[in-house]
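The values are calculated or read from the model by the stated rules, or taken from the named source; none is laboratory data. All values derive from a computational prediction rather than experimental measurement. Cβ placement follows ideal geometry from the backbone for every residue including glycine, while neighbour counts extend to all protein chains displayed. Just so you know, the surface numbers come from the protein's heavy atoms only, side chains and all, with ligands and any DNA or RNA stripped out. Shrake-Rupley method; radii C 1.70, N 1.55, O 1.52, S 1.80 Å.
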Amino acid sequence: MTDRVAILGGGTGGTVLANGLADRLAAEIDGGDVEVTLINDGPDHVYKPVWLYVPFGQREPADGRRPLRELVDSRIDLVVDRVTGIDTDAKELALRDAGAPLSYDYLVVATGSTLAPDEVPGLAEGGHDYYSESGALALRDDLLSMTEGHLVVSVVGTPHMCPAAPLEFAFMADDWFRERGLREDVEVTYTYPINRVHGNPHIAEWAEPIMTERDIGVETFFNADSVDPDAKTVASMEGTEIDYDVLAAIPPHRGVDVVADADLGDRGWVDVDKHTLEAERAENVYAIGDAATTGVPKAGSVAHYQAGVVGRRLASEVRGRPATATYDGKTLCFIETGMDAASFVEFDYENPPSPAPPSEKLHWSKLAYNESYWLTARGLL
């Protein structure tokens, strides 16, 4: 009997997993004992970290896009379609365009995050994000026309993709305006919804002195409740109101509706065992990356490491062996601290982050990784 593995989502986690299984299970796939299908709702793979650089004119959106078929091993069946239903009892996926459901024996949910700006009145009209292609392009237009005024970088929703990105954007904007001789005329303010500038206390402790040194204003305990696009104000539920000329906002995030409808977890995320990545509400279902509620950041490195764990577990399972691979919470991240310097952190469930001193070397290391990412997606790194 053929074991059928379905991977839902062709982002970092899904693509790395698919290529990993093609390598690990090459003999079984070639022999017809295993089928691996990757389902994505579009033909392209998008590397979202590129969008951070678009507002500053350092990258174009096309730099972060490749045809998924070019990245995925030929042993993998690629289905470009939207999954409209997950039946974990029947082990079937309903597809928008296909006439028949797709059956599976093992399902891996790698559906990532979606933006939900409409959850905050006025946010979609009054601010721009750099977590989407359209938002990054609109923000680029705003920044290029800004010669004076108030830039507000507001973390509206948590958790969100790439938790360090709001800090990076604030640091890069500060440096970018300085390089153009405009910083004295542009006020920069950063808001965060709890009583520090980042969810992780170790990263917050590292970042706050840098913000003070660079005269980046900070408003903590600022839970954005509404935005007035006409008055150009953002108000918090704590009663604070901030005027802005440009609002770079990190909107609320959620998972996808089809996951929520399948009752695999809240807000479209999948409740999982944080070590095995097995879904808690369904059998033979895993989740990786942003879609999995493990308590670690929603970051590409997390999806990459988790894909390796699930790949090893699935290979064991289809071979009739106990699955022993586990995820230890490993996360790594480069943090841009300006236009030509960056820091680096690496941590896991047991060891907290300790950011490295910013340096030009680390900045170029991050840019080099961005360029080599396509090898990572192909499973070559």
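Amide H to amide H, with H built 1.01 Å from N, Gly265 comes under 5 Å of Asp271, counting only residues 5 or more places away or on other chains. Between Asp263 and Glu241, the contour length at 0.36 nm per residue exceeds the alpha carbon distance by 4.2 nm.
Heavy-atom accessible surface of the chain, averaged per residue, reaches 42 Å², computed with a 1.4 Å probe.
Near the amide H of Arg65, within less than 5 Å, lie the amide hydrogens of Tyr47, all on another chain or at least 5 residues away, with H placed in the peptide plane. Summing charges over all other residues whose Cβ lies under 12 Å from the Cβ of Arg180, with Lys and Arg as +1 and Asp and Glu as -1, gives -4. Residue ranking by accessible heavy-atom surface, 1.4 Å probe, largest first, among Asp230, Asp33 comes out as Asp230, Asp33. Of Thr88, Thr293, Thr376, the residue with the largest accessible area leads and the full order is Thr293, Thr88, Thr376 (1.4 Å probe). The aspartates and glutamates whose alpha-carbon is closer than 16 Å to the alpha-carbon of Lys361, local same-chain residues fewer than 8 away aside, are Glu336, Asp340, Glu371. Panel note: the C-alpha atoms of the chain, placed on their principal axes, show extents of 69, 42, 37 Å (largest first).
Proximity of backbone amide H atoms, modeled 1.01 Å from N, is registered between Thr191 and Val153, Ser154, Val155, Glu219 at under 5 Å, excluding neighbours fewer than 5 places apart on the same chain. The lysines within cross-link reach of Lys298, meaning a Cα-to-Cα straight distance under 23 Å and a gap of 8 or more places when in the same chain, are Lys48, Lys274, Lys330, Lys366. By the helix-only formula, in which each DSSP H run with n ≥ 4 contributes -39500 (n - 2.57) and the sum is divided by residues, the chain has a 222 nm mean residue ellipticity of -8500 deg cm²/dmol. Among Glu280, Glu35, the order of accessible area from largest down is Glu280, Glu35, computed with a 1.4 Å probe on protein heavy atoms.
Take the solvent-accessible surface of the protein heavy atoms, probe 1.4 Å, and return the percent of it on the range 117-251 that carbon and sulfur atoms account for. Whole-percent figure for carbon plus sulfur exposure: 44. Think of each Lys and Arg Cβ as +1 and each Asp and Glu Cβ as -1; about the Cα centre, that makes the dipole of the chain roughly 1260 debye.
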